[in-house]
Each structure stands twice: as structure tokens, then as C-alpha cells.
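Only one structure is covered here, and it is reproduced in the block below.
The values are calculated or read from the model by the stated rules, or taken from the named source; none is laboratory data. What you see is a predicted model; the values in this text were computed from it and never measured. All Cβ positions, glycine included, derive from the backbone under ideal geometry; neighbour counts span all protein chains shown. These accessible areas exclude ligands, DNA and RNA; they are computed on the full protein's heavy atoms, side chains included. Shrake-Rupley method; radii C 1.70, N 1.55, O 1.52, S 1.80 Å.
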Amino acid sequence: MKVGTRNPSLAVGLAIVAALIAGAAAGPFLVHTNPIAIDLANSLAGPSRAHPFGCDSLGRDVLSRVLLGARLSLSVSISVVALSLIAGSLIGGMAGLAGGKIDDVAMRIVDIVLAFPGILLAIALAAILGPGITDLVIALAAMGWTGYARIVRGEILSLREREYVIAARALGASEPRLLFRHLLPGIAGPVAVQATFGIGGIIGAEAALSFLGLGAMPPTPSWGNMLDAGRQFLLVAPHLTTAPGVAIGVSILGFNLLGDGIAQLIGYRG
């Protein structure tokens, strides 16, 4: 039986994510139009053979900007997830392994962060730090690490009493060695599922913050600032918002399907 038949979510998610990565990586080779070159003669031009997705108000090719925006969205989301995963795994891992007061303090910090709506906290941090890609990554990572901390802590609480962990501790393994050598490798599956879903969520969050002017700044194309620039032309040039909007939706769908497929593959029910 084929993999796609047994796990259609994994097959479809992989196809979408692979297409997204390929488009982001090969964008300049697929479309030879400069995504920031202004051509007022093509202002608000509709889809055509030369410009399959049309042109924006400054005559810039929408397809090339969508592909470049994919590169930015992927780089931001992967950076945010990597930072969140590292911070959350360390905090959750130490809390779960140590237990006691360390665990209580760490989890109360997690509860405090989770008490704030995630996107509002990110907006507040991005507004304080100012617009820009680096500050955007910091703001999004500051709200994203808590999910990884809770998952890692919960998994380690169940693993730390296993025979192989007790044996390693009896042989004199230090706490860091127990964490990095014996415990964290055993929870790679659940963390991978969380990270895959997290990339999709960060793509949406990055687009939202860029839409509000707190992310990538013009002329750098971002799906969010493309939506913002195109909303005033919704009635006369709907392609300006359709292209980045569909890109955001399909990307989030792809990573969610991929995460669901991985969860089914490893039998994880988080």
C-alpha cells in the first residue's frame, strides 16, 4: 500500500511544503522580473502572459514578489521555531528533570506568558522593539517557546522514571548528560510535530505583523505588507490581495497537514 493511501495528510502536506520550498529557493530562476523594479506603465495591470499574477500599483510583478515573500516567510518562521524550540526544550527539560521548586517556578513563568494572548504579546513586543526582521523574530520567539517547554516537560516527566534513565543515573550520569543524551532524543517525535505546526502558525503571525507595519518594511516584499498595500485596490485590482492571501492560506494548510501526517505516522496524540 502506498504512503499517500495510508497517510494522505502526510502526502499532501509534503507536496505543498516541497512546492513552497522549491518556489522560494528557485524564485529568481523561475521569474526573471525584478520584484522591486518600478514600472508605472504597468500600474495595476491584471494577470497576463508576461505577468501571470498581474502587477501592483507601482507596476511591480506580483508573482516575483510572492515568491520572494515565500523566502522571507520561511526564513522568519524557521528562525522563530528554532529559537523557540531551543529555549523551550532547555527550560522544559530542566524543569521536568529537576522537579520540585525549579519545576514549579518554571511552569509558573510559562503560565504567566500564556495568560497573555500570543498575537497581542507579539504585537506589543514588536511595537517596542520596532519594525524589522530581527526584531520580528525576537518578538515571535518570545511568545512561542512556552508550547515547547510544556511538551518537553510533560514528556520528560513520563520518561525520567524509565529503567534506562534510572540505570544511567545509577552509573553516575550527570543531569545535563541525562537530559541531552537520554531524554531529549526520546521525545524528538512530539517536538517535531509541534515544530511543524509551529511553522504554519508563525507564517500567519508574521503576515499579520507585517500587515500592521511591524515586520518587513517596503520595498522588501512580504505577504503581509503586500496584503496591506493591496487592500485599497480591492475593487479595481483584487489580484493584489488574492495572490499573497492564497499563498498564506496554502502554506499554513501545508504545514498543518504535514504536522498531522507526522503525528499519525508516529502515533502521537498530543
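Structure values in brief
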| quantity | calculated |
| --- | --- |
| Rounded, prolate or oblate (a/c below 1.5 giving rounded, otherwise prolate when a/b exceeds b/c) for segment 1-148 by Cα gyration tensor | oblate |
| Cβ crowding within 10 Å averaged over residues, with 162-170, 130-138, 76-84 ranked highest first | 76-84, 130-138, 162-170 |
| Surface share of carbon and sulfur [accessible, 1.4 angstrom probe, percent] for the chain | 68 |
| Calculated from backbone phi, Karplus (6.51, -1.76, 1.60) coupling profile of segment 101-107 in Hz, x at Gly/Pro | 5, 4, 5, 4, 5, 4, 6 |
| Dipole magnitude of the chain about its Cα centre (Cβ charges: Lys, Arg +1; Asp, Glu -1), debye to nearest 20 | 540 |
| In segment 170-270, the trypsin sites (Lys or Arg not before Pro) that fall in loop regions by DSSP, at most 11 other Cβ within 10 Å | ARG269 |
| In order through segment 77-87: 3J(HN,Hα) via Karplus (6.51 cos²θ - 1.76 cosθ + 1.60), integer Hz, x for Gly, Pro | 5, 5, 5, 5, 5, 4, 5, 5, 5, 5, 5 |
| Accessible surface, per residue, of segment 92-162 when the full set of protein chains is kept, probe 1.4 Å, Å² | 49 |
| Backbone HN-Hα couplings from phi across segment 157-169 [Karplus 6.51/-1.76/1.60, Hz, Gly and Pro as x] | 4, 7, 8, 5, 9, 5, 4, 5, 6, 4, 5, 5, 5 |
| Fully extended contour minus Cα-Cα distance, from TYR164 to VAL236, at 0.36 nm per residue | 19.3 nm |
| Cβ-defined net charge surrounding GLY215, 15 Å radius [Lys, Arg +1; Asp, Glu -1] | -1 |
| Global geometry of the chain, whether rounded, prolate or oblate, following the gyration tensor of its Cα atoms and the 1.5 cut on a/c | prolate |
| Per-residue [θ]222 nm for the chain (sum of -39500 (n - 2.57) over DSSP H runs n ≥ 4, rounded to 500) | -23500 deg cm²/dmol |
| Alpha-carbon Debye profile of segment 41-127, log10 I(q)/I(0) at 0.10, 0.12, 0.19, 0.23 Å⁻¹ | -0.51, -0.62, -0.94, -1.08 |
